[in-house]
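Engineer: Right, I'll just put the structure down here and ask away after.
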Amino acid sequence: MDPRHVNVTINGTGFAGTYTAEVYSMIPHKNGVAIQLAGVTAGHRDSAARFAARHGVARVFDSHAEMVNQLQPDIDNIACANHVHGQYVMEAARAGVKVIVLEKPPVIWPGYAAGRRADAATRTRESMEALAEVLDTVSAYGAKLLYAEDFVYFDGVRGMVELLSEATSVGKGKVLLQQGVCAHQGSHAPAYDTPSLSGGGSLFNKACHPLGPVLYLKQVEGILRDGRPIRPARVAAMALQILKQQPESAGEHFRVMRNVDDFARITVVFEDGTAAEVSGYDLSISGIRNSLHVIMDCAEYTLRVNPNDENELFMPAPQPAGNLLFREKLPTPVGTSFPRPRQTFHHGYVNEMEDAVDCVLEPDRWPQSGALMAWDTQAVLMAGYESSEKGGGCVDLSEYTQRTFQPHEMPDPARCGRVFQRL
């Protein structure tokens, strides 16, 4: 059988671009599939050239538009600074790209580029208008959008979908309360503390991660039971700059944010009256923290992604560890730690990119995390800042959840993938 070639392009050579390139080599090459990293571009050509040499990318381009128009790749990965996400998605769609993998968040407020100021309600409305244009363009050109929320692709979340499917068949499977966390001691990306590049801080760029699976599981629950997703109805949130207000000594072990929030908490109330609470913060002195807790009418499921105590390590001194990173953002190997081998896999990235490849190979397959996920995530995040600006009161989402989506833009529980053995 002749190998089938999947050509992949990457825009961005930072943290997200790096793990994207690495992950494609980890995908099971089933059915004789050959994956080629065909092109890369970045803000600086020198960065793209170094990246290409390091990861075996075939060609370097000066711009994203040039790359997708010349190569017309099967998959285009948008893993660059947030402020150009929307533009690049539309460029890829118009170039005929089959699958567009978009890192979070979908878009940022377009007023930043014009140097404008506006209240949070105006930013919400204009951001959703911008995202509507992006999604309409994707649909018009027949592209498949994979909103790259890696938390949705955790094996543990896939296991929850299996449990929901089984429970629904016996009249159970109601998700009542969800709680999720994403935190570390502050992103080192230069753009993170610049709102015009990042769109926001811990609410926009960290709380978004646990928000993904809590939206996803309610979508799946509704689809399994009634054939339609359960969507968010209202949001209450708080976004704060904590370290900025403290003495300089308090920030010794953190990146102190000067322009964006370093703590966020979001409460989401769904249209069926159930709830979720997610938090994101740049105040974790001990490295990254990713977890999700789900209470159902028939079960309670806790997913400890990182740290996870299946591996325990004690080191009295750091030197023998060399440059090994036992857990993302862990500042020191000294003492007791909980290493996370194959961290890239456990963080969902391999499952995520495998979904993208499968969407190329199977014309009738669409991403598990697609246009609906991107839209509702953006609506909740923007409404979160609106709520925080108003002192934490509820913000209604009905204006935005009126947008309807086709079945292929929603999750398909039957194609989520199995992770549990069967009796």
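The values are calculated or read from the model by the stated rules, or taken from the named source; none is laboratory data. Bear in mind that the values here come from a model prediction, so they are computed numbers and not experimental data. All Cβ positions, glycine included, derive from the backbone under ideal geometry; neighbour counts span all protein chains shown.
Engineer: So, of the residues in region 127-158 that are aromatic (F, W, Y) and part of a helix (DSSP H, G or I), which turns out to be nearest to R289 (Cα to Cα)?
Structural biologist: F151
Engineer: Examine region 24-47 for a residue that is assigned to a helix (DSSP H, G or I), modelled with pLDDT of 95 or more, crowded, with 16+ Cβ neighbours inside 10 Å and in contact with a Phe, Trp or Tyr (Cβ under 9 Å, 6 or more places away or on another chain), and state whether such a residue exists.
Structural biologist: No: region 24-47 contains no residue that is assigned to a helix (DSSP H, G or I), modelled with pLDDT of 95 or more, crowded, with 16+ Cβ neighbours inside 10 Å and in contact with a Phe, Trp or Tyr (Cβ under 9 Å, 6 or more places away or on another chain).
Engineer: Scan region 76-132 for residues that are more than 23 Å from T401 (Cα to Cα) and either of a type in the set (D, E) or not assigned by TED's automatic domain parsing to the domain that holds D358 (or both) and report the count.
Structural biologist: Residues in region 76-132 being more than 23 Å from T401 (Cα to Cα) and either of a type in the set (D, E) or not assigned by TED's automatic domain parsing to the domain that holds D358 (or both): 2 in total.
Engineer: So, one more: Assuming Y141 fulfils every condition listed in (1) buried (at least 18 other Cβ atoms within 10 Å of the Cβ); (2) over 16 Å from the mean Cα position of the chain (by Cα); (3) not charged (D, E, K, R) apart from one, which condition is it?
Structural biologist: Every condition holds for Y141 apart from (1).
Engineer: Identify the residue in region 73-87 that is crowded, with 22+ Cβ neighbours inside 10 Å and within 14 Å of E133 (Cα to Cα) and, among all such residues, is farthest from the chain's Cα centre (by Cα).
Structural biologist: The selected residue is G86.
Engineer: Also, quick follow-up: Residue under question is E389, and the condition is that it be of a type in the set (D, E) and more than 15 Å from I230 (Cα to Cα); does it hold?
Structural biologist: Answer is yes for this residue.
Engineer: Also, I was wondering about something else. Please give the number of the condition A356 fails out of (1) out of contact with any Leu (no Cβ under 6 Å at 6 or more places or on another chain); (2) surrounded by 21 or more Cβ atoms within 10 Å (Cβ to Cβ); (3) within 16 Å of I35 (Cβ to Cβ).
Structural biologist: (1)
Engineer: Checking the condition more than 18 Å from the chain's Cα centre (by Cα), buried (at least 22 other Cβ atoms within 10 Å of the Cβ) and either assigned by TED's automatic domain parsing to the domain that holds T302 or part of a loop (DSSP other than H, G, I, E, B) (or both), which residue from V260, V220, V214 passes?
Structural biologist: Criteria check complete, one pass: V260.
Engineer: Something else about it: Just checking, which of V134, V170, V181, V152 is in contact (Cβ under 8 Å) with a residue 60 or more places away in the chain and farther than 20 Å from I285 by Cα?
Structural biologist: V152
Engineer: Residues of region 184-211 being among the hydroxyl-bearing types (S, T, Y) and either assigned to a helix (DSSP H, G or I) or without any contact (Cβ under 8 Å) to a residue 12 or more places away in the chain (or both), which ones?
Structural biologist: Selection gives Y192, S196, S198, S202.
Engineer: Among the residues of region 406-420, what is the count of those that are touching a Gly at 6+ places or on another chain (Cβ under 8 Å), outside any helix (DSSP H, G or I) and surrounded by fewer than 19 Cβ atoms within 10 Å (Cβ to Cβ)?
Structural biologist: Total meeting the criteria: 2.
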